[in-house]
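Remarks on the structure that follows.
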Amino acid sequence: MIMKNIHEDRIHIVNDTDCDENGKYILYWAIKSFRAHWNHSLEYAVGLAEKEDCGVVVCTHLENTQNHLTERHIKFHVEGLQDFKNELSDRNIKFVFRLGSASDVFKDLLKDAKAVVSDFGYLRENTSVTNHIHKTFSSKLVLVESNVTVPVEGVSDKQEYAARTIRSDIMDAYQDYLEKPTSSKVPKSTLNYSLDSRSIDSYQSIIDDLSFSEHTNVVEEYKGGHSEAKSKLDYFLNSELNDYDDARQSPTDRSVSEMSMYLRFGHIAPSYILSRVESRRKTDDVKSYIEELLVRRELTHNFVYFTEEDYDSLKALPDWAQETLDKHKSDEREHVYTRSELENGKTHDEAWNECMKRMRETGYLHNHMRMFWGKQILAWTNTPQFALSTLLYLNNKYFLDGNDPNSYANALWIFGLHDRAWGENDVFGKVRKMNRSGLDSKIDVDKFVEGK
């Protein structure tokens, strides 16, 4: 069934059965898309509700013990949920938020659901939720792919080697997937349903009731939510896009959209961003941004989807990269630092220390500096395996856009993923090398270190 102007490739039917005639509503269990605009999953649920002449209930949860989430992530996420709840209320849709494990929190909601719609996710924590729903819910279950522009299998049926191997296919296809899903109010309101829900008025109270394996400060510089994401995008398109191609490589020039954290938390749809960019004249700036948002970002989703369990492992690297890193794993390092020294910015390199400082304080770092930052972790730790585990630990703990398909693919790029073999060096082998002298030749390092 195709409805609400949603491309059929986005729709994954898990339980191909009729809706439960004894159910009361369509349940949308949100795990990746926390927005009421350009949300194909939500609109599919609304379409089912129109067909069944019933209402929609939206639910989401947080685990009591968080993996890869710290206080800063919870603040950003809850700010997004506040927008989400208000936007749903405007459409007569009840929002339910609870703390606890997926296997416990929504048994009552599943029992009264005619059908369940959820987001198509790519990471293990996403698929574990949808696998749980599949095991415990016997009526119609549908997953809808809303957080990429082109559904992964709409581009390729295998893991792609690099951007050059996916570029032509995705550029040929993406215009077919820029549809805006049709939005409407549901036929019956669920706002008056008596369903237990945890208040989201205070992110701090939620933080206080969660357990964390790692702690960070909250970040005031960035606020979560659809409205904030759209405001930032408007500013970028009107004030920064015209300089994007020339300035995007400079960490001292903020000609960047800062959309990655909003995409990671599902506060804004990539197809919405792309449709806005597409409306502009086709300049080099527009082409460069489309390359990053569409080709590069969606290559990372292809990687995570097709590597499944290995997306955070050196086993996911191409054979040449695994072989050269293994060959050079015992090479003498000029500097070797512990994880604690790295985390606290206690290295000999003031530029690298500034990168780590910005990560700790703001949750953001310009992409060019992220590459330099990551390459030095490989250079300054005792083995490639420890380098990867340290890089992912710091990345997912501090970056607001951490623990995302981008995170894992870009982390493994440091070790040779989506790249080719280069000239051989100590420690790096044939993996692309980046060092301080190369950085000095490309940017004003003194200006960066001064925080400008």
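The values are calculated or read from the model by the stated rules, or taken from the named source; none is laboratory data. What you see is a predicted model; the values in this text were computed from it and never measured. Cβ placement follows ideal geometry from the backbone for every residue including glycine, while neighbour counts extend to all protein chains displayed.
Mind listing whichever residues of region 427-443 are of a type in the set (D, E, K, R) and assigned to a loop (DSSP other than H, G, I, E, B)?
So the first thing to find is which residues in region 427-443 are of a type in the set (D, E, K, R), and the list is 430, 432-433, 436, 440, 442.
Lys430, Arg432, Lys433 - these are the residues of region 427-443 that are of a type in the set (D, E, K, R) and assigned to a loop (DSSP other than H, G, I, E, B).
Quick check on Arg35: is it under 27 Å from Val219 (Cα atoms), touching a His at 6+ places or on another chain (Cβ under 8 Å) and of a type in the set (Lys, Arg)?
It is true that Arg35 is under 27 Å from Val219 (Cα atoms), touching a His at 6+ places or on another chain (Cβ under 8 Å) and of a type in the set (Lys, Arg).
Can you find a residue that is among the acidic types (Asp, Glu), touching a residue at least 40 places away in the same chain (Cβ under 8 Å) and surrounded by fewer than 22 Cβ atoms within 10 Å (Cβ to Cβ) anywhere in region 155-162?
The answer is yes, given that some residue of region 155-162 is among the acidic types (Asp, Glu), touching a residue at least 40 places away in the same chain (Cβ under 8 Å) and surrounded by fewer than 22 Cβ atoms within 10 Å (Cβ to Cβ).
What number of residues within region 281-310 are β-branched (Val, Ile, Thr) and over 18 Å from Arg248 (Cβ atoms)?
Going through region 281-310 one residue at a time, the tally reaches 2.
Considering only residues that are under 22 Å from Thr381 (Cβ atoms) and either outside the structural domain of Glu332 (by TED's automatic domain parsing) or of a type outside the set (S, T, N, Q) (or both), which ones fall in region 427-452?
To start, the set of residues in region 427-452 that are under 22 Å from Thr381 (Cβ atoms) comprises 427-439.
Within region 427-452, Val427, Phe428, Gly429, Lys430, Val431, Arg432, Lys433, Met434, Arg436, Gly438, Leu439 meet the criteria.
Specify the residue that is nearest to the chain's Cα centre (by Cα); the eligible residues are those in region 250-270 that are within 17 Å of Asp404 (Cβ to Cβ) and of a type in the set (S, T, N, Q).
Here the residue is Ser260.
Within region 187-215, take every residue that is in a loop (DSSP other than H, G, I, E, B), modelled with pLDDT under 95 and not charged (D, E, K, R) and give me the one that is farthest from the chain's Cα centre (by Cα). Lay out the reasoning, then the answer.
Keep residues of region 187-215 that are in a loop (DSSP other than H, G, I, E, B), which gives 187-202, 209-210, 213-215.
Imposing the further condition that a residue be modelled with pLDDT under 95 reduces the set to 187, 209-210, 213-215.
Narrowing the set further to residues that are not charged (D, E, K, R) leaves 187, 210, 213, 215.
Details: Pro187: 33, Leu210: 22, Ser213: 21, His215: 20 Å.
The selected residue is Pro187.
List pairs: first residue in region 279-307 and over 20 Å from Val256 (Cβ atoms) and at pLDDT 95 or above, second residue acidic (Asp, Glu) and surrounded by fewer than 18 Cβ atoms within 10 Å (Cβ to Cβ) anywhere in the structure, Cβ distance under 9 angstrom, at least six positions apart or on different chains.
Tyr305/Glu153; Phe306/Asp157
Among the residues of region 228-261, what is the count of those that are among the hydroxyl-bearing types (Ser, Thr, Tyr) and free of Cβ contacts under 8 Å to residues at least 40 places away in the same chain?
Counting residues in region 228-261 that are among the hydroxyl-bearing types (Ser, Thr, Tyr) and free of Cβ contacts under 8 Å to residues at least 40 places away in the same chain gives 5.
Conditions tested, residue by residue: (1) part of a helix (DSSP H, G or I); (2) crowded, with 22+ Cβ neighbours inside 10 Å.
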{"residue": "Asn5", "(1), (2)": "no, no"}
{"residue": "Val14", "(1), (2)": "no, no"}
{"residue": "Gly23", "(1), (2)": "no, no"}
{"residue": "Tyr28", "(1), (2)": "no, yes"}
{"residue": "Ala36", "(1), (2)": "no, yes"}
{"residue": "Glu43", "(1), (2)": "yes, yes"}
{"residue": "Val46", "(1), (2)": "yes, yes"}
{"residue": "Ala49", "(1), (2)": "yes, yes"}
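Quick grid of which residues meet (1) acidic (Asp, Glu); (2) in contact with a Leu (Cβ under 6 Å, 6 or more places away or on another chain); (3) over 20 Å from Asp446 (Cα atoms):
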| position | (1), (2), (3) |
| --- | --- |
| Lys329 | no, no, yes |
| Tyr364 | no, no, no |
| His368 | no, no, no |
| Phe372 | no, yes, no |
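Taking the condition of being closer than 30 Å to Asn64 by Cα and among the β-branched types (Val, Ile, Thr), how many residues in region 166-213 meet it?
Residues in region 166-213 being closer than 30 Å to Asn64 by Cα and among the β-branched types (Val, Ile, Thr): 4 in total.
Take residues that are surrounded by fewer than 20 Cβ atoms within 10 Å (Cβ to Cβ) and either outside the structural domain of Asn344 (by TED's automatic domain parsing) or hydroxyl-bearing (Ser, Thr, Tyr) (or both) and tell me which of the helices (runs of 4 or more DSSP H) falling wholly in region 360-426 contain 2 or more.
Fully inside region 360-426 and qualifying: 384-398.
Testing Glu160 on (1) under 30 Å from Ser202 (Cα atoms); (2) of a type in the set (Asp, Glu); (3) in contact with a helix residue (DSSP H, G or I) (Cβ under 6 Å, 6 or more places away or on another chain), one condition comes back false. Which one is that?
Failing condition for Glu160: (1).
Evaluate the following for Val144: is it under 22 Å from the mean Cα position of the chain (by Cα), aliphatic (A, V, I, L, M) and closer than 21 Å to Pro270 by Cβ? Walk me through it before giving the result.
Numbers: under 22 Å from the mean Cα position of the chain (by Cα): yes; aliphatic (A, V, I, L, M): yes; closer than 21 Å to Pro270 by Cβ: yes.
Judged against the criteria, Val144 is a match.
List every residue pair whose Cβ atoms lie under 8 Å apart, where the two residues are 6 or more positions apart in sequence or sit on different chains, the first residue falls within region 10-27 and is small (Gly, Ala, Ser), and the second residue, located anywhere, is surrounded by fewer than 17 Cβ atoms within 10 Å (Cβ to Cβ).
Taking only residues 6 or more apart or on different chains, the pairs are Gly23/Asp112.
So which of Phe372, Phe399 ends up being under 24 Å from the mean Cα position of the chain (by Cα), in contact (Cβ under 8 Å) with a residue 24 or more places away in the chain and over 25 Å from Leu123 (Cβ atoms)?
Just a single option satisfies the conditions, and that option is Phe372.
Quick one: is Thr347 more than 20 Å from the chain's Cα centre (by Cα) and modelled with pLDDT of 95 or more?
Criteria met by Thr347.
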